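Here the structure is laid out as structure tokens; the discussion comes afterwards.
The values are calculated or read from the model by the stated rules, or taken from the named source; none is laboratory data. None of the values given here were measured: they were computed from a predicted structure. Note that each Cβ is placed from the backbone with ideal geometry, even for glycine, and that neighbours are counted across all protein chains shown. SASA here: full protein model, heavy atoms, side chains in, ligands and nucleic acids out. Shrake-Rupley method; radii C 1.70, N 1.55, O 1.52, S 1.80 Å.
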Amino acid sequence: MRVGVVTFPGSLDDVDAQRAVRLGGHEAVALWHGDHDLRDVDAVVLPGGFSYGDYLRCGAISRFAPVMTEVVEAARRGMPVLGICNGFQILCESHLLPGALIRNDHRKFVCRDQRLRVENTATPWTSAYRQGAEITIVLKNGEGGYVADQPTLDRLEGEGRVVVRYLDDNPNGSLRDIAGITNERGNVVGLMPHPEHAVEELTGSGTDGVGFFTSLALASFA
């Protein structure tokens with residue numbers, strides 16, 4: 001599959017995401033925030049970083065980038081879209097996912113290997129995992145606390161749209177220990193931890209993150 005990775009001004013993990021896409025068996029296609037062309041990709045990754053410096057609010061400026069017009073339209077047609085960290089924030093700001101990400105409850109930036117439980121394996125980004133699998137991937141954020149109103153949280157839980165959940169200590173105050181969610185259709189996933197940093201043994205955190213990228217191959221033949 002051709003997987004587009006968008007670079008915004010301030011993106012930090014776009015090259016890492018491209019590498020993870022390749023290790024997942026796909027062709028990585030670099031996309032630019034100012035483009036109106038997705039270059040015939042089959043899926044899109046919005047990587048982590050500080051898009052546009054996060055000067056207004058995390059992801060709030062990126063939602064108006066020209067490329068996001070195309071991403072939103074493609075997502076609504078069913079294209080798989082994965083937003084990682086800042087990308088998750090952009091998906092919420094673009095209203096492709098409900099809720100919002102706010103400053104960590106302890107008011108400090110957190111960077112650590114984080115244990116997670118995979119709650120939903122029915123998305124194009126998680127089908128390589130076993131339901132209930134416990135994995136460890138990198139977490140690094142200052143505004144990673146997921147919040148939503150009570151009806152939205154109940155709906156996410158009731159519809160099985162919580163994709164991954166924090167285990168052990170909650171690192172940022174996310175309600176109900178939510179680390180990632182999906183939309184109603186299941187093609188759009190927002191994830192606060194960074195699977196692209198857990199795809200090779202050499203990097204130290206293991207390879208538990210590679211499944212988010214190999215899952216696409218399984219989805220394409222489903």
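A few points about this structure:
- Per residue solvent-accessible surface (Å²) - segment 64-185, probe of 1.4 Å: 42 Å²
- Apportionment of accessible area to carbon and sulfur, the chain, percent (1.4 Å): 50 percent
- Highest-first arrangement of 145-158, 111-124, where packing means the average Cβ count within 10 Å: 111-124, 145-158
- Residues of segment 158-200 with amide N under 15 Å of the 7 Å Cα→Cβ point at HIS106: 167-174
- Computing Cα extents along the principal axes in Å directly from the structure and comparing it against [x] 66, 41, 30; [y] 79, 52, 34; [z] 41, 37, 35 singles out [z].
- Extension gain (nm, one decimal) between ARG57 and ALA133, 0.36 nm per residue minus Cα-Cα: 24.0 nm
- Packing rank of 56-67, 159-170, where each peptide gets the mean count of other beta carbons within 10 Å, highest leading: 56-67, 159-170
- Cα shape, segment 102-177, gyration tensor, a/c 1.5 rule: oblate
- Protection-proxy order for peptides 6-12, 128-134, each taking the mean of Cβ atoms within 10 Å per residue, highest first: 6-12, 128-134
- Contact order relative to length of the chain, as percent, for alpha carbon pairs under 8 angstrom and 6 or more apart: 21 percent
- Estimated inter-spin distance, ARG2 and VAL15, nm [label 7 Å along Cα→Cβ]: 2.4 nm
- In plain terms, if you count all Cα to Cα distances in segment 11-99 and split them into 10 Å steps from zero, the share in each step is 18, 55, 26, 1 percent.
- Each part reduced to its alpha carbon centroid, segment 28-92 and segment 165-188 end up 20 Å apart.
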